[in-house]
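First up is the structure itself, then whatever we jot down about it.
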Amino acid sequence: MTFSLPEGLPAGRCVPANSPVMWRSDKPPHDPLEAWAHAQLSQGETGLLPVLCYPDDDQPELSALAAVAAVDLEAELEAGWHADRQRRRGWKENPPLPE
């Protein structure tokens, strides 16, 4: 299988080796927000998602990647949205007091 990486990636490697699953930079990017925005904007073309991880992680466990992939993001976001709405409804009845 062949794949191409987007322009402008910092020095690094694919994780696992020779696969398009993750790109791991050798050093933290100079400007993480700019690198994140670039990856996010190119996602449609590259299929890569921006992920921040600890610099001392050498290689993620495949089981950890499977656990992340198994999360139903839509359900999690919907549950959080409903919880926030419930919390805000409570403010109308008992507004939070300034500290």
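Taken together, the values in this text are just the output of simple stated rules run on the coordinates, not laboratory data. Computed from a prediction, not measured in an experiment: that's the story for all the values here. For neighbour counting, all protein chains shown are included, and Cβ atoms are generated from backbone atoms with ideal geometry for every residue, glycine included.
May I ask you to compute the full-extension gain from residue 64 to residue 24, defined as 0.36 nm times their residue separation minus their alpha-carbon distance, rounded to one decimal in nm? Numbers along the way, then the final one.
Details: separation 40, 0.36 × 40 = 14.40 nm, distance 1.57 nm.
The span from residue 64 to residue 24 would gain 12.8 nm if fully extended.
So, R0 is 41 Å and r is the distance between the beta-carbons of residue 33 and residue 71; what FRET efficiency does that work out to, to 0.05? Write down the numbers at each step before the final one.
On the way: r = 24 Å, r/R0 = 0.59.
Efficiency for this residue pair is about 0.95.
Where Lys and Arg each count +1 and Asp and Glu each count -1, what net charge lies around residue 38 among other residues with Cβ under 15 Å from its Cβ?
Working: positive: none; negative: 7, 31, 34, 45.
Net charge around residue 38: -4.
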